[in-house]
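Below is one structure; the comments refer to it alone.
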Amino acid sequence: MTRQIVLAGGGIGGLAAALACTRAGWPVQLLERAPAFAEVGAGVQMGPNVTRLLRGWGLEPALRQLAAFPDALQVRSAASGAALGCLPLGDAMQVRYGAPYATLHRADLHQLLLSAVQQSGVQLHLGQSLASFSQTANGVQVKTAEGLALEGQALIGADGLWSRVRQLLLNDGAPRPTGHLAYRALVAQAQLPERLRSQQVTVWLGPNLHVVQYPVRGGQWLNVVAIVHGAVPDAGRLEDWDHSTHARGLRATLAGSCSPLQDLVAAVADWRLWVLCDRPPMQGAHQHASGLVALLGDAAHPMRPYLAQGAGMAIEDAACLQQVLALPDMAMAQQLQHYAQQRWQRNARVQARALRNGQIFHAGGPVRWGRDMAMRLLGQRLLDLPWLYRGPVA
């Protein structure tokens, strides 16, 4: 059996995993079903738990050229526009946790990781969809729908929310629709009225909705995400759902909100619409690895975006995988079980916290009143998350 790892998926998690494996001394064969690498136009937030790992991979100088580093995270009422709470970021985050809080375009993060992977010698196979795999005593044999056959000591499934590797490994059904829709947009700040430009993260909270905005690409662009309750009729295959859309429905949902928020949405011309899906929080290590096959990122633990840690947990997974693959004198199945045992509880906690945040963000009635009062009194204490930003316990 060839000494290498086969990896399915060339998104952010897959590329991070490929880089991690090579840094642990393992050759990698990476399968990506798309004919060319591409990332959708959306933003990603990365706390110090993630930027610290990128620094360890030698990627901080490139990150500094691509990302924005907001000075604060502010929570505001979508109805009145009033400030509810604020968490200092910028230098305060660097001092507190030893690494920065960054926001960047997903395509920029993807390209940063892709460049590092290409330099590391990973073999990339584009236009190859994993069809099947089989485990033997010595390794894993993989076949693609296009006829490529590979073998290796392990298979890592980093093939996203609709993971084929997970389907074959766990056979536990499809992800569940959350009942939430995400409108996403990117706009050059120079195209916005000055009053709408921002170099901070702002979260607007309203009943059954919230809107997040933050700078990307060195602060030159603004990423805007609005998440609302609702379902798309005749959505077809949810895994294929990513549509250009107009903001008429979003503007109608925000009709009772404050003028600054309505002005921001009105100033954005182009939107894309996603149906959000997830899975329940992880229940055990078996959902991360079995035998010589392991799952990573959204393939293992897709989560709602209310903690801004989807990409972060995938990168943490990859860093953990690097550590276990470098362990001497340990069989591959034991290494992957060690990975699973280290990761599943933290990922489950983040999934559960994201679910809870969604309920709090979108609350109405007395819960909304209590949330706003607590945020005014304890905003920074509620928004700071030492258990998350300090990173996993080694």
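The values are calculated or read from the model by the stated rules, or taken from the named source; none is laboratory data. Predicted, not measured: the structure shown is a model, and the values here were computed from it. Please note: Cβ atoms are built from the backbone with ideal geometry, for glycine as well, and neighbour counts cover all protein chains shown. In case anyone asks, the SASA skips ligands and DNA or RNA and just uses the protein heavy atoms, side chains included. Shrake-Rupley method; radii C 1.70, N 1.55, O 1.52, S 1.80 Å.
Could you check, for the stretch 106-119, whether at least one of its residues is at pLDDT 95 or above, open to solvent by 60 Å² or more (accessible area, probe 1.4 Å), within 20 Å of LEU31 (Cβ to Cβ) and more than 23 Å from the chain's Cα centre (by Cα)?
There is at least one residue in the stretch 106-119 that is at pLDDT 95 or above, open to solvent by 60 Å² or more (accessible area, probe 1.4 Å), within 20 Å of LEU31 (Cβ to Cβ) and more than 23 Å from the chain's Cα centre (by Cα).
Looking at the structure I just gave you, is ALA235 part of a strand (DSSP E or B), touching a strand residue (DSSP E or B) at 6+ places or on another chain (Cβ under 8 Å) and either at pLDDT 90 or above or open to solvent by less than 70 Å² (accessible area, probe 1.4 Å) (or both)?
Numbers: part of a strand (DSSP E or B): no; touching a strand residue (DSSP E or B) at 6+ places or on another chain (Cβ under 8 Å): yes; either at pLDDT 90 or above or open to solvent by less than 70 Å² (accessible area, probe 1.4 Å) (or both): yes.
For ALA235, the condition - part of a strand (DSSP E or B), touching a strand residue (DSSP E or B) at 6+ places or on another chain (Cβ under 8 Å) and either at pLDDT 90 or above or open to solvent by less than 70 Å² (accessible area, probe 1.4 Å) (or both) - is not met.
Looking at the stretch 151-167, I want the residues that are over 23 Å from MET330 (Cα atoms) and have a partner that is among the charged types (D, E, K, R) and assigned to a loop (DSSP other than H, G, I, E, B) with Cβ atoms under 6 Å, at least 6 apart or on another chain. Which pairs are those?
So the pair list comes out as VAL165/ASP159.
Of the residues LEU336, LEU307, which is open to solvent by less than 30 Å² (accessible area, probe 1.4 Å), touching a strand residue (DSSP E or B) at 6+ places or on another chain (Cβ under 8 Å) and not polar (S, T, N, Q)? Give the steps one after another, and end with the answer.
Details: LEU307 fails: touching a strand residue (DSSP E or B) at 6+ places or on another chain (Cβ under 8 Å).
Among LEU336, LEU307, only LEU336 is open to solvent by less than 30 Å² (accessible area, probe 1.4 Å), touching a strand residue (DSSP E or B) at 6+ places or on another chain (Cβ under 8 Å) and not polar (S, T, N, Q).
List the number of the failed condition for ALA363; all other conditions in (1) out of contact with any strand residue (DSSP E or B) (no Cβ under 7 Å at 6 or more places or on another chain); (2) touching a residue at least 40 places away in the same chain (Cβ under 8 Å); (3) part of a helix (DSSP H, G or I) hold.
Every listed condition holds for ALA363 apart from (3).
Within the stretch 78-91, is even one residue modelled with pLDDT of 95 or more, acidic (Asp, Glu) and open to solvent by 30 Å² or more (accessible area, probe 1.4 Å)?
Yes, the stretch 78-91 contains a residue that is modelled with pLDDT of 95 or more, acidic (Asp, Glu) and open to solvent by 30 Å² or more (accessible area, probe 1.4 Å).
Sort out which residues of the stretch 1-47 are in contact with a helix residue (DSSP H, G or I) (Cβ under 7 Å, 6 or more places away or on another chain), open to solvent by less than 30 Å² (accessible area, probe 1.4 Å) and part of a helix (DSSP H, G or I), and write them in order of number.
Within the stretch 1-47, ILE12, GLY13, LEU15, ALA16, ALA17, ALA18, LEU19, ALA20, CYS21 qualify.
Residue by residue through the stretch 58-117, note down the ones that are among the hydrophobic types (A, V, I, L, M, F, W, C) and out of contact with any strand residue (DSSP E or B) (no Cβ under 7 Å at 6 or more places or on another chain). Spell out the reasoning first.
Here is the first cut: in the stretch 58-117, the residues among the hydrophobic types (A, V, I, L, M, F, W, C) are 59, 62-63, 66-69, 72-73, 75, 78-79, 82-84, 86-87, 89, 92-93, 95, 99, 102, 104, 107, 109, 112-114, 116-117.
Answer for the stretch 58-117, where residues must be among the hydrophobic types (A, V, I, L, M, F, W, C) and out of contact with any strand residue (DSSP E or B) (no Cβ under 7 Å at 6 or more places or on another chain): LEU59, ALA62, ALA92, MET93, VAL95, ALA99, ALA107, LEU112, LEU113, LEU114, ALA116, VAL117.
Could you run through the stretch 92-105 and say how many residues are more than 30 Å from ALA38 (Cβ to Cβ) and surrounded by 17 or more Cβ atoms within 10 Å (Cβ to Cβ)? So that I can check it myself, show each step before the final result.
Quick first cut of the stretch 92-105, residues more than 30 Å from ALA38 (Cβ to Cβ) only: 92-98.
Next cut, surrounded by 17 or more Cβ atoms within 10 Å (Cβ to Cβ) only: 93, 97.
Count: 2.
Of all residues in the stretch 189-203 being in a strand (DSSP E or B) and open to solvent by less than 10 Å² (accessible area, probe 1.4 Å), which is farthest from GLY256 (Cα to Cα)?
Of all residues in the stretch 189-203, those in a strand (DSSP E or B) come to 201-203.
Of the ones still in play, those that are also open to solvent by less than 10 Å² (accessible area, probe 1.4 Å) are 201-202.
Values: VAL201: 22, THR202: 19 Å.
Top of the filtered list is VAL201.
Quick one: in the stretch 246-262, of everything that is of a type in the set (Ser, Thr, Tyr) and open to solvent by 40 Å² or more (accessible area, probe 1.4 Å), which residue is modelled with the highest pLDDT?
Residues of the stretch 246-262 that are of a type in the set (Ser, Thr, Tyr), as a first pass: 253, 257, 259.
Narrowing the set further to residues that are open to solvent by 40 Å² or more (accessible area, probe 1.4 Å) leaves 253, 259.
Values: THR253: 90, SER259: 95.
Among those that are of a type in the set (Ser, Thr, Tyr) and open to solvent by 40 Å² or more (accessible area, probe 1.4 Å), it is SER259.
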